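Enquirer: Input: one structure, supplied below.
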Amino acid sequence: MSPQQRSSAAQARTALLIIDMISCWDFEDADRLLPGALRVTPHIAALKARCRRAGVPVVYANDNRGRWRSHFTALVEESIAASTPAARITQALMPQEDDYFVLKPQLSAFFGTPLELLLAHLGVHRLIVTGVASDQCVLHTVADARMRDFDCVVPRDCVASQTARRNDAVLMQVEETHKLKTTPGSRIVLAAPSRRRRAAASTVGMPGD
């Protein structure tokens with residue numbers, strides 16, 4: 001296998017993870033987090049569009065907020081109906097039929113979810129981690145991913161927290177402590193479009209199941 005082929009194969013094992021962007025924004029401190037979420041939404045949407053064109057799978061990870069009978073499709077519908085900002089974010093990042101999702105009970109997208117099994121099923125070894133809040137759910141997910149030997153990229157224009165200071169601090173931690181790149185989403189190298197597009201989404205985490 002040539003270096004170019006190896007590079008393409010490695011890129012093909014990438015997945016985009018979108019954390020807690022589909023929401024009704026009715027939780028404590030949501031009013032402080034929402035402006036940052038609105039700011040990064042178009043950047044995440046553009047990155048998602050690039051990922052879909054490149055055949056990179058997209059996974060949504062959302063907090064169930066203690067609602068153990070919750071379903072992702074219902075969460076999407078509720079967020080669209082909830083308010084103008086929530087609807088604007090959800091419509092910009094609308095999940096597609098062949099996207100995946102996990103509902104998480106804690107900060108990390110790995111804790112108590114089938115995410116690791118899903119990524120193994122997809123053959124993923126590199127995660128592009130986006131969403132909110134950067135110093136909470138994003139950071140805990142990145143730490144758990146690194147402990148599981150996943151490579152990670154945290155695009156600096158695709159994560160947000162309650163304040164710019166907190167967001168800048170976590171980006172510095174990601175770079176200096178975890179030794180990860182915070183390349184802007186538009187500059188992340190993705191795989192070339194795959195001939196073998198997923199014929200159908202896996203039964204693991206398919207909206208509408």
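No value in this document is a laboratory result; all are computed from the given coordinates. Owing to the predicted nature of the structure, the values given are computational and were not obtained by experimental measurement. FYI the Cβ positions are ideal-geometry reconstructions off the backbone, even for glycines, and counts take in every protein chain you see.
Enquirer: Give me, ordered by chain and number, the residues 5 or more places off Gly131 or on other chains with an amide H under 5 Å from its own placed amide H.
Expert: Amide H to amide H, under 5 Å and 5 or more residues apart or across chains, Gly131 pairs with Ile19, Val159, Ala160.
Enquirer: Report the label-to-label distance for Gln106 and Thr163 in nanometres (one decimal), using points 7 Å from each Cα along the Cα→Cβ vector.
Expert: Placing both labels 7 Å beyond Cα along the Cβ direction yields 2.7 nm.
Enquirer: Using a Förster distance of 35 angstrom, determine the FRET efficiency expected from the C-beta separation of Asp31 and Ser186, and round it to 0.05.
Expert: Efficiency computed from Cβ-Cβ geometry: 0.75.
Enquirer: Test of understanding: ordering Thr141, Thr113 by Cβ neighbours within 10 Å, fewest first, what list do you get?
Expert: Ranking Thr141, Thr113 by Cβ neighbours within 10 Å, fewest first, gives Thr113, Thr141.
Enquirer: Explain nothing, just compute: Karplus ³J(HN,Hα) = 6.51 cos²θ - 1.76 cosθ + 1.60, θ = phi - 60°, for every residue of segment 85-93 in order, whole Hz, x for Gly and Pro.
Expert: Listing the rounded values in order: x, 4, 5, 4, 5, 4, 5, 5, 10 Hz.
Enquirer: Another question, if that's okay. What residues qualify as long-range amide H neighbours of Asp63, i.e. H under 5 Å apart, gap of 5 or more or another chain, H built at 1.01 Å from N?
Expert: Asp20, Lys104
Enquirer: Moving to a separate point now. What list of ³J(HN,Hα) couplings, whole Hz, do you get for segment 24-30 from phi and the Karplus terms 6.51, -1.76, 1.60, once you set θ to phi - 60° and write x for glycine and proline?
Expert: 8, 6, 10, 9, 4, 6, 4
Enquirer: Still on this model: Charges only on Cβ, +1 for Lys and Arg, -1 for Asp and Glu: so what's the dipole of segment 3-187 about the Cα centre, in debye to the nearest 20?
Expert: Using Cβ point charges on Lys, Arg, Asp and Glu, segment 3-187 gives about 600 debye.
Enquirer: Another question, then. With each label point set 7 Å from Cα along the Cα-Cβ vector, what nm distance links Glu78 and Arg148?
Expert: Inter-label distance under the simple model: 2.5 nm.
Enquirer: Now, a different point. Regarding segment 3-187, what are the three Cα extents along the principal axes, ordered largest first, in Å?
Expert: Over segment 3-187, Cα extents along the principal axes are 49, 36, 29 Å.
Enquirer: Same structure, new question: Quick one: the Cα spread of segment 93-149 along its three principal axes, in angstroms, biggest first?
Expert: Computed over the Cα atoms, the extents are 30, 26, 20 Å.
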